Amino acid sequence: VVHRVILSRAPHARIVDLTHGIPPQDVRAGALALWRAVPYLAPCVVMAVVDPGVGTGRRAVAIETDTDSPPLLLLGPDNGLLVPAANAAGGIARVVELEHPDCRPRSDSPPAIGATFAGRDVFAPAAGQLCNGVDIESLGSIVDPAGLEGGPIELVSPGGPSVVAEVLWVDRFGNAQLNVEHFQAPGPGGEKDYLVVEVPGADPIGARRVTAYAELGEGELGLVLDSSGLLSLCVFRGRAADLLGIRPGDRVALRATSTAPVPFGHGPGQAHP
Amino acid sequence: VVHRVILSRAPHARIVDLTHGIPPQDVRAGALALWRAVPYLAPCVVMAVVDPGVGTGRRAVAIETDTDSPPLLLLGPDNGLLVPAANAAGGIARVVELEHPDCRPRSDSPPAIGATFAGRDVFAPAAGQLCNGVDIESLGSIVDPAGLEGGPIELVSPGGPSVVAEVLWVDRFGNAQLNVEHFQAPGPGGEKDYLVVEVPGADPIGARRVTAYAELGEGELGLVLDSSGLLSLCVFRGRAADLLGIRPGDRVALRATSTAPVPFGHGPGQAHP
Amino acid sequence: VVHRVILSRAPHARIVDLTHGIPPQDVRAGALALWRAVPYLAPCVVMAVVDPGVGTGRRAVAIETDTDSPPLLLLGPDNGLLVPAANAAGGIARVVELEHPDCRPRSDSPPAIGATFAGRDVFAPAAGQLCNGVDIESLGSIVDPAGLEGGPIELVSPGGPSVVAEVLWVDRFGNAQLNVEHFQAPGPGGEKDYLVVEVPGADPIGARRVTAYAELGEGELGLVLDSSGLLSLCVFRGRAADLLGIRPGDRVALRATSTAPVPFGHGPGQAHP
């Protein structure tokens, strides 16, 4: 229905669904999914709805990113969903709070038949307007970007041989994306590609830094640079997150070692830190 | 493949997937999903396939809704899937039974390589034809609308302090949509927003009438007017249908009370009717 | 994101998602899904990614099918994913190994921010190029079709009263598609529509050859010619694959019998071969 409302305003719009896989009301997961996609989106209008605070005082906003980059306009609730993506897309130039009547369905649209469904009744009509080239100020009044909820995603780039990382995402293959941009552990003797992975409450596990999933042996835990430019824990033909018992938001410690790891399913002594 | 067949006939068509989430062969769930969407669809051609009777004598039909409303054309099996939506869209003007050869793939299409898949081989080509502006009578012979399977969705609008409702739908958040348009329980002393919810075989549970999910406390059962204009049972950050043990088609009794409810997970005496 | 990259190269492209339901890294399931769809796709560009060998030496290829048929161009990894579909679409005319710089994002695209995601960084830009009408040789060098991984799907067409079949696919209704094109078991006395189905490790089960699911009684096992032109095991309002305990790749023996079957759930003696 949201697609239909957008097309009723902007029949020429090309609509791409980025994801329908965000867990209910998980604003952080939605913000991260949008942040991963944003380098590939501009120029476009992004509409995002993960909105547990709908019906309360939370604001609905439109964000225009910095005009030195290709233009990107983001619509959604002011709950931290949009700001990481806006920052990654060049920074925030202007913000409006959606309030004007023309954010609502056209006069020839059916009257809303129930409570406001923000995606259908506010953001989709506004997205259609923006696809037609209207300025964001026609949708509401300018507000201070500093007042927006949320901030950039915190990434770490360790200089030393260890780091405490956070799991950002578990993809459909069970790979666990970490908030770590690189990790060149200066281990002794050229064995810098061996690591120990420590999950609270579990035995340390050995892993190996590789450049492709398929370099790993069956059941071997690996650390690869993924297509978002972040390190990801993976097991070839296995689900790393399930085997490690980790979920988004969990902490994981990585440290360099000179000892080769033992694959999953090869008995005790899996890791020899 | 159905999209591709439509586009091979009507390259200009804009195709929107309303849902792929209907449980296998659940005609009623499909009819309700279409009925909820229909206020936002016209003008358009709707193709719907939930078709457990395919291959038997069930008819394939095209329905044109009343021309005083924006035009809506519905294609699908005559098994009750289309009629609730057609009624909600202004009523039925004309019906044809699909029978003419030009409902089938074009002569330059590959011959059907197996049994007829009605979506791919009958409804998609017919939808492409209708998108090109042909009259529904070019697809078959006019039949009597009174002979169609199905009828309008039965909604209740209680005038008194109690109602027996039916669960129409459980959404992905676990909210349970009821077939109740409003419920202004005339409780004593201004405490009209408290209700008791009775599910057969379980203890009565207290609930509160609110205008947004987020007004509820953690674990509190609420009744909100949803975006379809129907009352919905919900639990903030919880799955109401799971907590109540209800599914589509189940009966639920609501009655007014003057006693405030106790949230889920707060011990015995959850409801004090 | 892949859609967005294609549209950034070929804004006019109409993109249809054939499926997002392939189990992780299941090349065979992907090849079969594409093979089932291919009679309905041409003319078009097909991009397919089920790619467990990404990052290793596996090649990325573009295949042009034989020009006597409507043109079909297939892009994907050279791991057996594309060849069954290419054969079904008229055979392979030319193959190139993707290697040229213009397979990569445009110069005004963001630099890849991490490891290569072949779908996003190689196949999607190449698909956009092909949608714009470039010849496949602009994407790389011609290679020998005989060197491609994979071959046609092996189907059987038994002439006699029995066959050993392979389960190709279990659909969302639980129907099990077999690699059998037809089965006209010449049973005695005109009772040729009765069969015995044998799954290794389980008792034989009786089944009936029917032309539509709905001809079956509740719980009765049937064999129908499906919309791909292959025989499929089904249970009306039940999940045949679950009831038989079979999965894709399993072997199933079918043989003719003169004895009528007994439906599931009707006690011992279910089959009387």
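Among the numbered criteria (1) more than 18 Å from A:A118 (Cα to Cα); (2) more than 10 Å from chain B (Cβ to nearest Cβ), which single criterion is violated by A:R14? It is condition (2) that A:R14 fails.
How many residues does segment C:179-216 contain that are touching a strand residue (DSSP E or B) at 6+ places or on another chain (Cβ under 9 Å) and at pLDDT 85 or above? Counting residues in segment C:179-216 that are touching a strand residue (DSSP E or B) at 6+ places or on another chain (Cβ under 9 Å) and at pLDDT 85 or above gives 19. Any residue that is free of Cβ contacts under 8 Å to residues at least 60 places away in the same chain and within 14 Å of the chain's Cα centre (by Cα) - is there at least one of those in segment C:49-60? Looking for residues that are free of Cβ contacts under 8 Å to residues at least 60 places away in the same chain and within 14 Å of the chain's Cα centre (by Cα), one finds at least one in segment C:49-60, hence yes.
Taking segment B:1-12 only, how many residues are in a loop (DSSP other than H, G, I, E, B) and surrounded by fewer than 18 Cβ atoms within 10 Å (Cβ to Cβ)?
Final tally of qualifying residues: 2.
The numbered conditions (1) of a type outside the set (V, I, T); (2) crowded, with 18+ Cβ neighbours inside 10 Å; (3) more than 9 Å from chain B (Cβ to nearest Cβ) are all true for A:P52 except (3).
Scanning segment B:147-163 for residues that are more than 16 Å from B:S232 (Cβ to Cβ) and loosely packed, with under 14 Cβ neighbours inside 10 Å returns B:G147, B:G151, B:P152, B:E154, B:G159, B:G160.
The test for being assigned to a loop (DSSP other than H, G, I, E, B) and over 26 Å from A:L231 (Cβ atoms) does not hold for A:G76. Here the condition is being within 14 Å of A:L148 (Cβ to Cβ) and either touching a strand residue (DSSP E or B) at 6+ places or on another chain (Cβ under 6 Å) or away from chain B (no Cβ under 11 Å) (or both); of A:L32, A:L98, A:L73, it holds for A:L98 alone. Pairs are defined by a Cβ separation below 7 Å, a sequence spacing of at least 6 or placement on different chains, a first member in segment A:1-16 that is without any contact (Cβ under 8 Å) to a residue 12 or more places away in the chain, and a second member that is among the hydroxyl-bearing types (S, T, Y); the pairs so defined are A:R4/B:Y40.
At pLDDT 90 or above, within 14 Å of another protein chain (Cβ to nearest Cβ), touching a strand residue (DSSP E or B) at 6+ places or on another chain (Cβ under 7 Å) and outside any strand (DSSP E or B): is that true of C:A85 in this structure?
In short, yes.
For B:E64, the conditions (1) in a strand (DSSP E or B); (2) modelled with pLDDT under 90 are fulfilled apart from (2). Among the residues of segment C:224-237, write down those that are outside any loop (DSSP other than H, G, I, E, B), out of contact with any Phe, Trp or Tyr (no Cβ under 7 Å at 6 or more places or on another chain) and within 12 Å of chain B (Cβ to nearest Cβ). Residues satisfying the conditions are C:L225, C:S232. Being surrounded by 20 or more Cβ atoms within 10 Å (Cβ to Cβ), touching a strand residue (DSSP E or B) at 6+ places or on another chain (Cβ under 7 Å) and either under 18 Å from B:Q129 (Cβ atoms) or not polar (S, T, N, Q) (or both) is not true of B:A93.
Scanning segment B:204-215 for residues that are outside any strand (DSSP E or B), out of contact with any Cys (no Cβ under 7 Å at 6 or more places or on another chain) and closer than 20 Å to A:T116 by Cα returns B:V210, B:T211, B:A212, B:A214, B:E215.
A:Q270 satisfies every condition listed in (1) modelled with pLDDT under 95; (2) surrounded by 19 or more Cβ atoms within 10 Å (Cβ to Cβ) except (2).
For C:T19, the requirement of being in a loop (DSSP other than H, G, I, E, B), within 14 Å of chain A (Cβ to nearest Cβ) and either in contact with a Cys (Cβ under 7 Å, 6 or more places away or on another chain) or of a type outside the set (D, E, K, R) (or both) is met.
A:V27 meets each of the listed conditions (1) under 23 Å from A:E166 (Cα atoms); (2) modelled with pLDDT under 95 apart from (2). Restricting A:V252, A:V156, A:V199, A:V164 to those that are in contact with a Gly (Cβ under 8 Å, 6 or more places away or on another chain) and either away from chain C (no Cβ under 14 Å) or farther than 30 Å from A:G90 by Cβ (or both) reduces the list to A:V199.
The values are calculated or read from the model by the stated rules, or taken from the named source; none is laboratory data. The structure presented is a predicted model; accordingly, all values stated were derived computationally and were not measured. Counting neighbours? That spans all protein chains shown, and the Cβs are built from the backbone with ideal geometry, glycine included.
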